[in-house]
Amino acid sequence: MSTSDRWLLPDGVADVLPPRAQKVEALRRELMDTYRRWGYELIIPPMIEYLQSLLTGTGNDLDLQTFKLTDQLTGRMMGVRADMTPQAARMDAHSLRRPGVTRLCYAGHVLHARPSSMLASRTPLQVGCELFGSRSSGADQEIIDLMLETLTAAGVETVHLDIAHVGIFQCLAEEAALGGDLEQRVFDALRRRSIPELDELLGTAEAGSARAMLRELGRLSGGEGVPDAARQRLAGAPAPVLEAIDQLEQTAARVRERHPGVAIGFDFSELRGYNYHTGLVFAAYTPGQEEALAQGGRYDAVGEDFGRARPATGFSADLNRLLEAGRRAFGAGGGAILAPAGTDAALRRRISELRQSDTVIQQLDDEADDRLPPGCDRQLVLKDGDWKVEPL
């Protein structure tokens with residue numbers, strides 16, 4: 001790399017400069033305070049740990065996103081975290097080991113080996129909440145409520161919530177006895193919503209069979225009437241499928257009651273996190289953004305690999321994308337006071353007093369008077385033997 005290129009950053013990696021960095025931090029602090037008021041305790045997982053722990057129970061998707069390296073002390077493979085949820089699950093199952101319900105929250109950078117889309121960052125600032133120890137629908141609803149509260153705090157005005165249930169595909173695929181290779185191909189086609197490919201893979205399945213129902217999943221998406229349509233097209237499905245449809249409808253009803261301004265959609269071909277999630281999954285969108293602003297769901301199986309099976313549900317979001325999508329203004333906080341250079345004891349005392357509630361920037365001896373530090377709208381001047389604040 002030449003000297004002239006040393007300032008370049010890799011694709012998908014960017015600096016966050018002032019004043020945007022201050023806005024990101026203001027939103028982070030507000031969200032952490034919000035989560036604390038809901039009873040969620042802050043955790044700070046390590047940026048790097050053994051690969052086996054990072055990828056436990058997460059399937060192939062996260063493996064492809066994880067940067068890998070060899071630990072020079074032990075020779076074991078390590079990974080840079082691409083998602084903080086498995087780390088939270090490890091802490092709950094192994095480090096904390098509390099009885100009953102545990103609520104955890106976090107905020108920190110993750111690193112992606114591949115961007116999720118052409119314009120996506122490879123260093124998202126992930127925030128999120130995880131709730132362990134409850135299988136109740138109330139736990140799922142609490143996480144959805146908190147996710148929507150997060151969007152409100154960021155100033156996202158228009159929200160569309162998609163809800164789905166990965167257990168429907170899991171149950172029908174098992175009932176149809178597809179086999180490993182065919183199940184993966186059907187899964188890929190369904191996730192891409194390729195109806196012709198689904199029809200070709202599943203052939204002329206007998207009406208009412210699990211294979212015929214799998215074909216119908218790709219045709220079940222839309223608004224309020226989708227659960228009723230699902231009951232008709234999946235009539236005769238195993239009980240877990242019908243129970244999952246009921247859960248989707250009940251979840252939507254609660255969201256409409258608590259968040260009447262949120263549009264709700266159903267998508268039975270949504271299989272995001274299929275190898276990771278075990279039940280209800282959800283994602284929040286807003287106009288002008290192709291990808292979900294926040295997403296989450298239930299993942300009851302992850303803790304088992306850490307030696308303690310625990311029901312779990314949670315959500316996460318990228319703080320930078322929330323800031324971009326929201327309309328809320330995070331100001332600089334009222335400007336700053338410019339103090340002159342000097343070591344006078346009275347001046348230093350006055351600066352210390354003002355810094356209890358204001359930003360005070362003291363000039364350096366070699367700092368030019370005609371180049372004010374950014375944000376200064378007042379100045380400290382000596383009048384009648386006293387240091388006073390006046391407008392600039």
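The values are calculated or read from the model by the stated rules, or taken from the named source; none is laboratory data. All values reported here derive from a predicted model rather than from experimental measurement. All Cβ positions, even for glycine, are placed from backbone atoms using ideal geometry, and neighbour counts span all protein chains on display. These accessible areas exclude ligands, DNA and RNA; they are computed on the full protein's heavy atoms, side chains included. Shrake-Rupley method; radii C 1.70, N 1.55, O 1.52, S 1.80 Å.
The figures follow:
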{"item": "Hey, PHE282 crowded, with 20+ Cβ neighbours inside 10 Å, within 14 Å of GLY167 (Cα to Cα) and either touching a residue at least 60 places away in the same chain (Cβ under 8 Å) or in contact with a strand residue (DSSP E or B) (Cβ under 7 Å, 6 or more places away or on another chain) (or both) or not", "result": "yes"}
{"item": "Segments classed as strands (runs of 3 or more DSSP E), wholly inside segment 1-100, with at least 3 members that are open to solvent by less than 40 Å² (accessible area, probe 1.4 Å), without any contact (Cβ under 8 Å) to a residue 40 or more places away in the chain and farther than 30 Å from CYS376 by Cα", "result": "77-80"}
{"item": "Scan of segment 196-223 for residues that are open to solvent by 40 Å² or more (accessible area, probe 1.4 Å) and more than 26 Å from the chain's Cα centre (by Cα), ordered by number", "result": "PRO196, GLU197, ASP199, GLU200, THR204, GLU206, ALA207, GLY208, ARG211, ARG215, GLU216, ARG219"}
{"item": "Lone qualifier among ALA329, ALA368 - being hydrophobic (A, V, I, L, M, F, W, C) and open to solvent by 70 Å² or more (accessible area, probe 1.4 Å)", "result": "ALA329"}
{"item": "Every pair of residues 6+ apart whose Cβ atoms lie under 6 Å, when the first sits in segment 361-383 and is over 12 Å from ILE351 (Cα atoms) and among the charged types (D, E, K, R) while the second is open to solvent by less than 60 Å² (accessible area, probe 1.4 Å) and not in a strand (DSSP E or B)", "result": "ASP365/ALA341; ASP377/GLY335"}
{"item": "So LEU151, is it in contact with a Cys (Cβ under 7 Å, 6 or more places away or on another chain), surrounded by 15 or more Cβ atoms within 10 Å (Cβ to Cβ) and not small (Gly, Ala, Ser)", "result": "no"}
{"item": "In segment 22-41, residue farthest from ARG328 (Cα to Cα) [restricted to those that are over 15 Å from the mean Cα position of the chain (by Cα) and among the aromatic types (Phe, Trp, Tyr)]", "result": "TYR40"}
{"item": "Meets criteria (in a helix (DSSP H, G or I) and either of a type in the set (Asp, Glu) or within 21 Å of ILE168 (Cα to Cα) (or both)) for GLU270", "result": "no"}
{"item": "Sole exception among (1) more than 10 Å from the chain's Cα centre (by Cα); (2) open to solvent by 20 Å² or more (accessible area, probe 1.4 Å); (3) at pLDDT 90 or above; (4) charged (D, E, K, R) for ASP318, by number", "result": "(1)"}
{"item": "Per-region count, segment 126-141, residues open to solvent by 40 Å² or more (accessible area, probe 1.4 Å) and either in contact (Cβ under 8 Å) with a residue 12 or more places away in the chain or part of a strand (DSSP E or B) (or both)", "result": "2"}
{"item": "Residues of segment 163-181 satisfying the condition of being in a helix (DSSP H, G or I), crowded, with 16+ Cβ neighbours inside 10 Å and not β-branched (Val, Ile, Thr)", "result": "GLY167, PHE169, GLN170, CYS171, LEU172, ALA173, GLU175, ALA176"}
{"item": "Conditions (1) of a type outside the set (D, E, K, R); (2) modelled with pLDDT of 95 or more; (3) at positive phi; number of the one not met by GLY208", "result": "(2)"}
{"item": "Considering residues of segment 142-162 that are in a loop (DSSP other than H, G, I, E, B) and not hydrophobic (A, V, I, L, M, F, W, C) only, the residue farthest from VAL24 (Cα to Cα)", "result": "THR158"}
{"item": "Residue identified as at pLDDT below 90 and more than 30 Å from ARG90 (Cα to Cα) among LEU347, LEU364, LEU380, LEU392", "result": "LEU392"}
{"item": "Considering residues of segment 103-125 that are free of Cβ contacts under 8 Å to residues at least 60 places away in the same chain and out of contact with any Pro (no Cβ under 9 Å at 6 or more places or on another chain) only, the residue surrounded by the most Cβ atoms within 10 Å (Cβ to Cβ)", "result": "ALA113"}
{"item": "Test: residue in segment 73-86 that is of a type in the set (S, T, N, Q) and under 19 Å from the mean Cα position of the chain (by Cα)", "result": "yes"}
